[in-house]
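Undergrad: Sharing a structure, written as structure tokens. Questions coming.
The numbers here are math on the coordinates, done by the rules we state, and not lab data. The shown structure was predicted, so the numbers you read here are calculated from the model rather than taken from an experiment. Because the Cβ atoms are built from the backbone with ideal geometry, glycine has one as well, and the counts that use them run over all protein chains shown.
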Amino acid sequence: MSQARTNARKAAVQALYQWQMTGQNLTEIEVQFHEEDRLKDSQKSYFAELFHGVPEHLDTIDKALTEFVDRPVDMIDPVERAILRLSVYELQHRLDMPYRVVLNEGINLAKLFGADGSHKYVNGILDKIAQQNRAVEIKMKAAAK
């Protein structure tokens, strides 16, 4: 797993959080991240894909979340919401990324940025979404054991 990709995810979660809280223009936020050198040691192209991909596919991402969360998506803690949205984007749109990597990265982001225990909440939801979105991959992995 590339550290530059992990750093891109960290920055994307922070940028998505800012977008969710302020409704600020995506380009303005992205420029700010570049100007403040917050993308240092990050895979900048991956940051851009995640940061623009989540809002672009927000309807399908939130629809997937709605199926497995215990409250309206807008009522989920904003940090957890940003992490979940980013991870669901990867599960749905980055099939080259193993689902286990997506889950582990989401859990680690929740441990880093979320409230105590939020990683368990994130893990539970992402696991269910992975079962739905990546069923073939999960079955193949299980059969290989």
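Undergrad: Apply the Karplus parameterisation 6.51 cos²θ - 1.76 cosθ + 1.60, with θ equal to phi minus 60°, to every residue of segment 60-73 and state each ³J(HN,Hα) to the nearest whole Hz, in sequence, with x for glycine and proline.
TA: 6, 5, 5, 5, 5, 5, 3, 5, 10, 9, 8, 7, x, 3
Undergrad: Moving on to the next point. What ranking, highest mean first, results for peptides 86-95, 40-49, 112-121 when packing means the other Cβ atoms within 10 Å averaged over each residue?
TA: In descending order of packing, they fall as 86-95, 40-49, 112-121.
Undergrad: I need the shape label for segment 67-145. Rule: rounded when a/c is under 1.5, else prolate if a/b > b/c, else oblate, with a, b, c from the alpha carbon gyration tensor.
TA: It comes out prolate by the Cα gyration axes.
Undergrad: So what's the gap between the Cα centers of segment 33-65 and segment 95-115, to the nearest angstrom?
TA: That distance is 14 Å.
Undergrad: Can you give the Rg to Rh ratio for the chain, taking only C-alpha atoms and Rh from Kirkwood?
TA: 0.96
Undergrad: Using the charge dipole of the chain (Lys, Arg: +1 at Cβ; Asp, Glu: -1 at Cβ; taken about the Cα centre), state which of 43, 16, 106 has its Cα farthest towards the positive end.
TA: Farthest towards the positive end: 106.
Undergrad: Could I ask something else about it? Work out from phi, with θ = phi - 60° and the Karplus expression 6.51 cos²θ - 1.76 cosθ + 1.60, the ³J(HN,Hα) of each residue of segment 122-136, listed in order in whole Hz, and give x for Gly and Pro.
TA: Values per residue, Gly and Pro as x: 4, 4, x, 5, 5, 4, 5, 5, 5, 4, 7, 7, 10, 4, 5 Hz.
Undergrad: While we're here: For the residue pair residue 52 and residue 68, what label-to-label distance in nm results when each label sits 7 Å from Cα along the Cα-to-beta-carbon direction?
TA: 2.8 nm
Undergrad: Within the chain, how many Lys pairs that are eight or more residues apart, or on different chains, come under 17 Å at the alpha-carbon?
TA: Step by step, the pairs that qualify in the chain add up to 8.
Undergrad: Let me ask another. Magnitude of the Cβ-charge dipole of the chain, K/R +1 and D/E -1, about the Cα centre, nearest 20 debye?
TA: 740 debye
Undergrad: Residue by residue through segment 34-42, which ³J(HN,Hα) values in whole Hz follow from phi under the Karplus form 6.51 cos²θ - 1.76 cosθ + 1.60 (θ = phi - 60°), with glycine and proline marked x?
TA: Here the 3J(HN,Hα) series is 5, 4, 7, 6, 7, 10, 4, 6, 10 Hz.
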